[in-house]
C-alpha cells in the first residue's frame, strides 16, 4: 500500500505539469496583448509603457516552449497577474474568496453524502414500495433540474415568498463586525465561534441554508442511485441470506453486513462529487450572490478578466488533483481487497 | 421484440418518447408556430420596446415578455431548435472524437495507448463546467464558442468506455477467426469489434444529450454562452434572475419569466433522461433478464 501511495505522490507533479501545459495552450487563443495581463500583478507600474514594448519585454512572441517555461516559473513564484474585476492580485483574490467556497462545500458534504446514503439504502430495503418510488422520483427530478433553475426556485420560495433565507453571505449589519473581528480562517462560521459572535454565526448559517439545500437537491441523484443499486445487488448475495438465517435482526443485517460492502462504489462517487463540487459552486454562488471563488470566476468571465480566469482554472486543477489523490488513498484504506493486491 | 416496442411499453420511457417527439415537432414547425419578423435572423428574439419591466402574458405575448421586452413564447419555440442543435451536435462530435481516440488506444496498445489515456486523464482533471467556462471565455464567448468548449471537454468519457469494451471484445474467438482469415485491423475494428461494443456508448450518449443542453444553458446563464437576445432557454432564464423576487405585494408577480423557459428546459432534459434510462435497461444484457 505504501508503494502505491508513494507512486501516486511522485506522479502528482507530472499530472500538474500536464495540466498547466493544457491551460497554457488554452491561453494561446488570446492575443499577445491579452496574454500580457497574466504577467502584471501590479497595474500601477504599467502607466506610460507601450504594449508593444511590454510584449517584447515579457517575450510574448518567443517560441511556445520558452514562453511556457517562463510562465510556469512565474506561477511557481506566486505571480498570477492582476484581477481587474476585484482589483486584487490573483493570488490574493483566491486567498480572499476560497474560504467562502470551502465553507459552502464543507456544509454541503454532510447532507449530500449522508443524506444520499440514507435515502439510497432506505429505498433499496423497501424495494418497489412507496418510499422507493418517492426516492426515485426525487433522484430523477434532481438529475433533470439544472442547478441554476433549482437555485432560482429556492430563492423565489425561501426569500421572495417566505423571506427566511436571504441571498449573499452575510447581512449588511454584520459587515462591520466581520471587518473588526480577527479573521482566523476566513470561514465565517468558525471565525464567529472563535470570536464569540453568536449573532453573526446565526446570520452566516441563515445565509448558508438555501445554497446548501440547492446543492444537496441536485447532487443527491448521483449518490442516491449508486447507493440504491449497490445495496440492491448486495442484499441479493448469499452471505446476506446466511446472516438472515442465523436469526439476525433485519436492522443488523442491513447495517453491519450489507451497507458496509455496498458503500465501496459510493466512496468513489463521493470523492468525484466532492472534487467537482468546488467547481460546481460556480453556479450556486452566482445565483445566490455568495461571494466565493466561483462568484469571482463568473464576474471575471463576463468582464474579460483573463488573469482571474486562468488563475481560477489553475487553482481548480490543483484542487481536483489533490482531492482525487486523497480519495484514492482513502479507497485503498477502506477496501482490503485493493489493499492486499 | 424491437427496442422501440419496448420503449413504448414502459410508461416512463413512453412519456420520454412522447415528450421528445413533441419537442422535435415544435423545432421543425418553428417558422409556422412563431414566424420570425426578420427571416434572415430567426434566432433573434423580437422585442416590443425597450422597457425594463417584464410584461404579463397577453394576447400579443402568450407567455409574456421578459426583461427588455423579449417575447418569451418566441424564445421558447426557437429555443427548442437551439437546444436540439446543441444537444445533437455537441454529443455527436464528442462521440466521434471519443470513439476514434478510444479505438485507436485499444487497437494499438503499447506506448500510444499509454499516452492517449494519460491525455484523457488530464482532460478529465477539470470539473466539466469550470473547463468549459474557462475555454469559452478564452475563445471569446458566444454559443459556438461554448459548444466548442463543451466538445473539447466532453469526449473523454466515450473514449474510456469504448476502449474498455474493445479490450474485452478483442480477446473473443470471432476476432481471432477474422484475423486468421487475413482481415486487416481496420476492417476487424469496424466490422467485427465495434458493432459488438457500441451500444453502451450510444446509451451513454443519449443520457448525455440532456446534460449537454443543461450545461449549455448554464454557460449562457453565466454569461459566456448565447448572447443577449438569442433564442436560448438558459439565456432567457438569466433575465428572470432580477425579477423572481418582486418588491410588490405579490412575490411571484413575474413568475412567467422563469416558469415557461425553465419548464421547457427541464422537460427537454427529462425526456432524454427517461429515454436513456430505459435504453440502458433494454440494451444492457445483464439487466435484460431477471430484475
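Taking the helices alone, the protein assembly as shown has a mean residue ellipticity at 222 nm of -22000 deg cm²/dmol, built from -39,500 (n - 2.57) per DSSP H run of at least 4 residues and averaged over all its residues. For chain B, the fraction of C-alpha pairs farther apart than 35 angstrom is 31 percent.
Neighbour counting of Cβ atoms within 10 Å sorts the residues B:202, A:217, fewest neighbours leading, into B:202, A:217. GNM on chain A, alpha-carbon springs under 10 angstrom: the most fluctuating residue among A:213, A:301, A:221 is A:301. A simple spin-label model places pseudo-atoms 7 Å from Cα toward Cβ; at residue B:88 and residue B:267 they are separated by 2.0 nm. Ordering A:216, A:121, A:87 from the fewest to the most neighbouring beta carbons within 10 Å gives A:87, A:216, A:121. Shape class of the range A:259-309 from the alpha-carbon gyration tensor: prolate, with a/c at 1.5 or above and a/b greater than b/c.
Neighbouring Cβ atoms from other chains, within 10 Å of the Cβ of residues in B:272-282, number 1 on average.
Projected label points at residue B:242 and residue A:239, each 7 Å from Cα along the beta carbon direction, are separated by 6.1 nanometres.
Exposure proxy ranking for B:257, B:137, based on other Cβ atoms within 10 angstrom of each Cβ and starting from the fewest, stands as B:257, B:137. GNM on chain A, alpha-carbon springs under 10 angstrom: the most fluctuating residue among A:136, A:35, A:199 is A:199.
Converting the Cα gyration tensor eigenvalues of the range B:1-86 into ellipsoid dimensions via √(5λ) gives semi-axes, longest first, of 33, 15, 10 Å.
Between residue A:63 and residue A:173, the modelled label-to-label distance comes to 6.6 nm, taking each label 7 Å out from Cα in the direction of the beta carbon. Mean silhouette area of chain A, derived from the convex hull of its C-alpha atoms and averaged over all directions, reads 22.6 nm².
For the range B:96-198, the direction-averaged projected area of the alpha-carbon convex hull comes to 7.2 nm². Put simply, the range A:154-204 fits an ellipsoid with semi-axes of 24, 10, 9 Å; these come from the alpha carbon gyration tensor as the roots of five times its eigenvalues, largest first. When chain A is treated as a GNM with alpha-carbon contacts under 10 Å, the residue of A:149, A:212, A:105 showing the greatest mean-square fluctuation is A:149.
Return the tail of the calculated pair distribution for the range B:10-50, meaning the percent of Cα-Cα pairs more than 17 Å apart. Summing the P(r) of the range B:10-50 above 17 Å gives 50 percent of all pairs. The spread of Cα positions in the protein assembly as shown, taken along each principal axis and listed from longest to shortest, comes to 73, 64, 62 Å. Between the beta carbons of residue A:8 and residue B:3, assuming R0 = 35 Å, the FRET efficiency works out to 0.25 to the nearest 0.05. Averaged over the residues of B:97-110, the number of partner chain Cβ atoms lying within 10 Å of the residue Cβ comes to 0. Each peptide among B:94-107, B:31-44, B:147-160 gets the average number of other Cβ atoms lying within 10 Å of its residues, and from highest to lowest they stand as B:147-160, B:94-107, B:31-44. Note on the range A:227-294: the alpha carbon radius of gyration divided by the globular reference 2.2 N^0.38 Å gives 1.71. Would you mind pulling out the separation of the Cα centroids of the range A:218-287 and the range B:75-119, in Å? If you average the Cα positions of each part, the centres end up 30 Å apart. Once each part is reduced to its C-alpha centroid, what is the distance from the range B:209-280 to the range B:1-56 in angstrom? Cα centres, the range B:209-280 to the range B:1-56: 14 Å.
Our note on the geometry: Cα centres of the range B:153-198 and the range A:114-156, 38 Å apart. Mean partner shielding of peptide A:148-157, defined as the number of other chain Cβ atoms within 10 Å of each residue Cβ, is 6. In this structure, residue B:113 and residue A:181 have a Cβ-Cβ separation that, at R0 = 60 Å, corresponds to a calculated FRET efficiency of about 0.60.
We did not get these values from a lab; they are worked out from the coordinates using the rules stated. This structure is a prediction, so every number in the text was calculated from the model and none was measured. A quick note on method: Cβ atoms are made from the backbone with ideal geometry, for glycine too, and the neighbour counts reach across all protein chains shown.
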